[in-house]
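Before any comments, here is the structure.
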Amino acid sequence: MKPNALPPAEPHHHGGVLIVDFGTQYCQLIARRVREMGVYSRITVPDRVGTMLEAMQPAAIILSGGPRSVYEHDAPYLDPAILMRGVPVLGICYGLQWLTQALGGKVEPGVAGGEYGRTEMEVTEAGVLLDGVDPRTVVWMSHGDQVARLPEGFSVLASSEPCPIAAAADPARRIYGLQFHPEVTHSAQGERILRNFVLRIARCRDDWHPGNIVDEKVRRVRELVGDDGEVVMGLSGGVDSSVAAVLIHRAIGERLHCVFVDNGLLRKGEREGVEVLFRDEHRMDLHVVDARARFLDALRGVSEPEQKRKIIGKVFVDVFRDKAMALRDARSPGPRSLGPRFLGPRFLGQGTLYPDVIESVAAHGGATATIKSHHNVGGLPEDLDLVLVEPLRDLFKDEVRAIGRELGLPAALVERQPFPGPGLAVRCLGEITEERLGPLREADAIVREEIESRGLHVGLWQYFAVSLPVRAVGVMGDQRTYENVCAIRVVSSRDGMTADWELLPVEVLRKISNRIINEVRGLNRVCLDISSKPPATIEWE
Ligand code: XMP
């Protein structure tokens with residue numbers, strides 16, 4: 001069972017920046033910095049540069065940093081012909097070293113083993129690249145090797161004490177290089193330098209703004225789906241699937257059929273919220289499948305976390321497939337024996353984002369492309385033979401939020417905290433029963449209410465309640481209670497990969513605790529989770 005290949009082509013957004021990934025951890029950061037200027041950018045691996053140049057026709061190329069030495073025999077290979085195309089090129093760190101070597105200069109190990117961290121750099125000849133940069137400015141260096149001799153035609157623009165060639169240029173060929181990293185915020189004027197390259201030297205088109213992006217995406221969905229194609233998609237109520245659905249809906253209207261699966265593991269008010277927003281306000285064809293019993297039956301007696309996740313993923317696919325087939329058959333012009341031609345959905349909408357599909361160089365594994373393909377509705381019903389429609393495939397999360405706002409989605413949805421696919425199951429430790437999910441849902445709603453009503457959620461990554469499978473003794477009135485323990489988890493994070501626990505003001509904690517113990521039957525004790533990730537994870541299971 002496999003969904004058909006990806007949509008025919010990625011957008012041919014001419015005039016943007018092609019970023020060649022030599023294995024740096026900062027590639028996505030470079031791409032984002034460029035997009036923040038309103039210029040389209042894409043990342044590719046050295047092997048695919050030729051294809052991408054033809055497809056994308058970029059106005060500029062940025063060569064990233066990387067962990068290797070250019071003189072190692074298995075250093076990432078890139079065809080030097082890209083330097084002959086007349087397209088402006090900026091090499092950063094390893095990128096500078098690569099182009100130095102490719103053009104006949106010399107790279108050597110740096111003095112004292114390299115230069116790492118903040119360094120003061122002196123600008124000796126600003127040119128356009130360093131125009132407006134202070135004569136002495138702080139930059140972020142992270143290199144073992146450095147350029148010992150520049151190729152013919154290049155001149156030095158700036159130096160640091162350990163690195164005499166910190167910036168260089170050959171303006172006639174429009175080839176530039178920086179030994180430091182302008183993309184990280186520690187380089188005080190890095191943004192200005194990148195802007196000089198992208199907007200002034202390469203004169204890239206700065207038309208990558210939410211309004212234009214929406215127009216382009218809508219046009220492309222229409223092109224792909226055609227005049228009579230229909231799309232089915234799973235709508236979870238999360239940011240990505242919601243924005244993707246509204247975008248597709250704008251393109252093809254009632255030919256989009258959204259399926260919302262109520263798995264019984266949702267937070268309080270979630271299903272109703274989705275119904276009101278998408279069916280009533282956005283007038284979408286929304287099909288809510290009540291699969292609560294199916295999920296809870298499948299989960300009965302299961303407490304092992306991985307097993308729970310697997311069951312939930314599998315049941316989701318089964319439920320979604322059943323619904324998609326029913327939609328397809330309902331729209332079929334005749335008996336299925338007539339063959340595969342039918343008028344029902346031929347396309348599957350998904351909210352896949354750019355970080356999930358970026359082709360990147362494995363950090364230390366040379367130029368091996370690792371292409372992750374992440375399916376954010378869990379597994380996919382592949383036997384449905386549907387073609388994927390993924391309008392967010394080249395967007396970062398913050399761009400998706402900006403588009404969501406542009407499409408008129410409410411701030412509460414666009415800014416909402418992540419909620420895992422398996423839902424409350426990963427926060428209801430031990431066996432999942434409706435008797436335990438009910439109190440957890442109430443406690444979670446209290447945590448959210450108390451935090452959000454005070455505006456404390458701004459800057460937090462996630463805040464939620466967890467139900468522990470231990471019972472504690474308490475007293476309510478004159479009655480002894482013997483009920484479950486609830487934990488509160490509040491974390492900050494930049495990307496979910498690492499996280500710090502955050503302490504809410506004491507009066508807020510007191511209010512949350514009082515309300516849970518007094519208002520929620522089934523929970524009689526509240527604890528605070530003060531574990532960071534790593535070594536803990538954000539979710540408890
Ligand atoms: P952990 O618990 O691994 O979570 O620290 C990191 C981030 O990922 C979210 N998460 C998930 N999101 N499906 C999702 O869509 C999942 O199965 C899943 N598990 C964890 C979690 O909420 C946190 O933001």
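The values are calculated or read from the model by the stated rules, or taken from the named source; none is laboratory data. What you are looking at is a predicted structure, and each value in this text was computed from that prediction instead of being measured. Note that we place each Cβ from the backbone using ideal geometry, even for glycine, and neighbour counts take in every protein chain shown. The accessibility values were calculated without ligands, DNA or RNA, using every heavy atom of the protein model including side chains. Shrake-Rupley method; radii C 1.70, N 1.55, O 1.52, S 1.80 Å.
Counting only heavy atoms of the protein chains and using a 1.4 Å probe, residue 33 has close to 50 Å² of accessible surface. Taking a Cβ cut-off of under 15 Å around residue 499, the surrounding Lys, Arg, Asp and Glu residues balance to a net charge of -2, with basic ones at +1 and acidic ones at -1.
Name all residues of segment 112-127 having a backbone nitrogen under 14 Å from the label point set 7 Å from the Cα of residue 136 along its Cα→Cβ direction, giving them as ranges. Those under the cut-off are 119-124. Applying Stokes-Einstein at 10 °C and 1.306 mPa s to the Kirkwood radius of segment 459-513, computed over alpha-carbon pairs, gives a translational diffusion coefficient of 119 µm² s⁻¹.
With coordinates expressed along the principal axes, the C-alpha atoms belonging to the chain extend over 85, 66, 40 Å, beginning with the largest.
FRET efficiency for the residue 415 to residue 293 pair, using the beta carbon distance and R₀ = 30 Å, is estimated at 0.35. Accessible area per residue for segment 433-529, computed on protein heavy atoms with a 1.4 Å probe, is 52 Å².
Return a whole-number percent for the relative contact order of segment 208-350, with Cα pairs under 8 Å and 6 or more residues apart as the contact set.
Relative contact order, segment 208-350: 29 percent.
Based on DSSP H runs of at least 4 residues, each adding -39500 (n - 2.57), what is the mean residue ellipticity at 222 nm of the chain after dividing by all its residues, to the nearest 500 deg cm²/dmol? Don't skip to the end; give the middle numbers.
Working: 13 runs with 150 residues, N = 541.
Counting only the DSSP helices, I get -8500 deg cm²/dmol.
Taken along the Cα-to-beta-carbon direction at a fixed 7 Å, the label points for residue 36 and residue 529 span 3.1 nm. Here the scattering of segment 71-132 is modelled by Debye summation over its C-alpha atoms, one equal scatterer each and no solvent; at q = 0.20, 0.23, 0.24 Å⁻¹ the log10 of I(q)/I(0) is -1.07, -1.22, -1.25.
Would you mind calculating the gained length between residue 215 and residue 71 on full extension (0.36 nm times residue separation, minus the Cα-Cα distance), in nm to one decimal?
Details: separation 144, 0.36 × 144 = 51.84 nm, distance 4.62 nm.
Contour length minus the Cα-Cα distance gives 47.2 nm.
Quote the FRET efficiency, to the nearest 0.05, computed for residue 173 versus residue 492 with a Förster distance R0 of 51 Å and r equal to the Cβ-Cβ distance. Please list the in-between numbers first.
Numbers: r = 46 Å, r/R0 = 0.90.
Computed FRET efficiency for residue 173 and residue 492: 0.65.
Taking label positions 7 Å along the Cα-Cβ direction at both residue 128 and residue 385, the computed distance is 5.4 nm, reported to one decimal. Accessible surface calculations at 1.4 Å, restricted to protein heavy atoms, place segment 11-201 at 38 Å² per residue. Placing R0 at 22 angstrom, the Cβ-Cβ distance between residue 149 and residue 25 gives a FRET efficiency of 0.20 after rounding to 0.05.
For the chain, with all protein chains in place and a probe radius of 1.4 Å, 51% of the accessible heavy-atom surface sits on carbon or sulfur.
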